[in-house]
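The block underneath contains the structure these notes are about, expressed in structure tokens.
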Amino acid sequence: MKSLKTYILNKSGHFGQFGGRYIPELLIPIMEELEAAFYEAIKDKGFKAELADLYYNYSGRPTPLYFCSNLTKKLGGAKIFLKNEGLNHTGAHKINHCLGQALLAKKLGKKRLIAETGAGQHGLATATVAAKFGLECTIYMGAKDYQRQLPNVFFMERLGATVIPVQHGGQILRDAINAALKDLIANPTDTHYLLGTVCGPHPYPVMNTYFQSIVGREVRTQLISQTGKLPDYLVACVGGGSNAMGLFYEFLDDKRVRMIGVEAGGKRILENDKKCEHAARFQTGSVGIVEGFKSYFLQNHDGQIKETSSISAGLDYSGVGPQIAYLHDTGRIRMTYARDKDALTAYAMLAQEEGIIAALESCHALSQVIKLAPTLSKDKIIVFNCSGRGDKDLFIVSKQFGFDIGQNTGR
């Protein structure tokens, strides 16, 4: 194979045995229309110019590539660089694909956006682009996530979105996805489902990888400018996989650049037939077809999806993007995991050493960096994707550090 980059954006939507489009017949024309519009748009100079303008003048790109000098000194070993996607408008990398899909929706004459969200960052970005482009917006959110991500619920509603807490199932991200798909089936004509990661039926994995690839392109330019070198290691957390594919894509054909994805290890890698205490698909998952695509899922012997657990609302999805699955199985990326307590340790260390409060999702990636950096020589470079800032996790993290913001503590 000549180019992994070309293959990962292929028009078939298959990546080895993974990917595809396994959906109800009613949705096939919608996906085919979206696929055609996407591949046409990325060849259209006008579309790309409009998207670039939105990235740079609305979202605030390029985001900084920051050398973590204090953290590097503390840990010893490799130089650590942080790609600060949290400084995007809306506070995370999610705005990248939301702007791209919103432009496509307008091109297709859609009047309404729907989306699923876990951590709330994708929902917030969807509500934001809906407000900008004058589109109606409905966000589905698992009831558990709704409660633990209240800051983002508040902001989504202020932007004019209707936020619906999903009460069935495990009340987390996968249940929100199911609710959004039911909405699309009921409203196929005027609604665009703005799916929030590199999962789902074709063309979503390809489309969101393309829109997120700006992250890695900027890293290449910025790192060469700062150091004259390419990175030795790239590290990103992996829920569905959008921020990881955004960072990794640009470097897929640079064989000397190693890539590490970090899943949610939750409390521990322990599970029963119905529930996991983690969300590490590559540790105990198996290949299946769920929600329109083939990949690794946490499922029982009957193919029923298990409940998952993670301190981070954005990493507790039971499946993973098909491109990530393919890149793992072919050995191009290595997958590991971080437990809840590891993420909290990383959260505190980054805040106190560099003055940056990162999202809990990103702290899973940082946890791996903290382990890796001391094992490498000082001439090596690690870049990790800080995919979002930590505002949204206030209600989760405050309790973990013994600060109940609901009480008058006198602090």
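The values are calculated or read from the model by the stated rules, or taken from the named source; none is laboratory data. The structure presented is a predicted model; accordingly, all values stated were derived computationally and were not measured. Every residue, glycine as well, gets a Cβ built from its backbone with ideal geometry; the counts of neighbours run over all protein chains shown.
Report the residue count in the stretch 263-294 for those that are assigned to a strand (DSSP E or B) and on the phi < 0 side of the Ramachandran plot.
Of the residues in the stretch 263-294, 14 are assigned to a strand (DSSP E or B) and on the phi < 0 side of the Ramachandran plot.
Considering only the stretch 219-227, I want to know if a residue exists there that is assigned to a loop (DSSP other than H, G, I, E, B) and among the small types (Gly, Ala, Ser).
No: zero hits.
In the stretch 344-356, how many are without any contact (Cβ under 8 Å) to a residue 40 or more places away in the chain and surrounded by 18 or more Cβ atoms within 10 Å (Cβ to Cβ)?
Matching residues across the stretch 344-356 total 1.
Quick one: in the stretch 381-411, of everything that is at pLDDT below 90 and more than 24 Å from ASP145 (Cβ to Cβ), which residue is surrounded by the fewest Cβ atoms within 10 Å (Cβ to Cβ)?
Residue satisfying both the conditions and the ranking: GLY410.
I need the full set of residues from the stretch 325-340 which are under 18 Å from LYS294 (Cα atoms) and surrounded by fewer than 16 Cβ atoms within 10 Å (Cβ to Cβ), in order please.
Listed by number, the list holds a single entry, THR330.
Could you grab me the full set of residues in the stretch 298-317 that are surrounded by fewer than 24 Cβ atoms within 10 Å (Cβ to Cβ) and either in contact with a Ser or Thr (Cβ under 8 Å, 6 or more places away or on another chain) or not in a loop (DSSP other than H, G, I, E, B) (or both)?
Answer for the stretch 298-317, where residues must be surrounded by fewer than 24 Cβ atoms within 10 Å (Cβ to Cβ) and either in contact with a Ser or Thr (Cβ under 8 Å, 6 or more places away or on another chain) or not in a loop (DSSP other than H, G, I, E, B) (or both): GLN299, ILE305, LYS306, GLU307.
Might you let me know whether the stretch 3-18 holds any residue that is of a type in the set (A, V, I, L, M), within 24 Å of the chain's Cα centre (by Cα) and assigned by TED's automatic domain parsing to the domain that holds ALA125?
There is no residue in the stretch 3-18 that is of a type in the set (A, V, I, L, M), within 24 Å of the chain's Cα centre (by Cα) and assigned by TED's automatic domain parsing to the domain that holds ALA125.
Among what's in the stretch 130-167 and is modelled with pLDDT of 95 or more and among the acidic types (Asp, Glu), pick the residue that is nearest to LEU360 (Cα to Cα).
Here the residue is GLU157.
If only one of ASN88, ASN84 is closer than 22 Å to GLU354 by Cβ and either without any contact (Cβ under 8 Å) to a residue 60 or more places away in the chain or of a type in the set (Asp, Glu) (or both), which one is it?
Within the list ASN88, ASN84, the selection yields ASN88.
Could you run through the stretch 384-407 and say how many residues are under 27 Å from LYS79 (Cβ atoms) and either in contact with a Gly (Cβ under 9 Å, 6 or more places away or on another chain) or free of Cβ contacts under 8 Å to residues at least 60 places away in the same chain (or both)?
Total meeting the criteria: 6.
Restricting the first residue to the stretch 43-66 and requiring it to be at negative phi and modelled with pLDDT of 95 or more, which pairs with a second residue that is among the hydrophobic types (A, V, I, L, M, F, W, C) and part of a strand (DSSP E or B) meet a Cβ separation below 6 Å and a spacing of at least six or different chains?
Here the result reads LEU65/PHE81; TYR66/LEU82, each pair linking the stretch 43-66 to a residue that is among the hydrophobic types (A, V, I, L, M, F, W, C) and part of a strand (DSSP E or B).
Give just the number: which of (1) outside any loop (DSSP other than H, G, I, E, B); (2) assigned by TED's automatic domain parsing to the domain that holds ARG339; (3) over 16 Å from the mean Cα position of the chain (by Cα) does GLY246 not satisfy?
(3)
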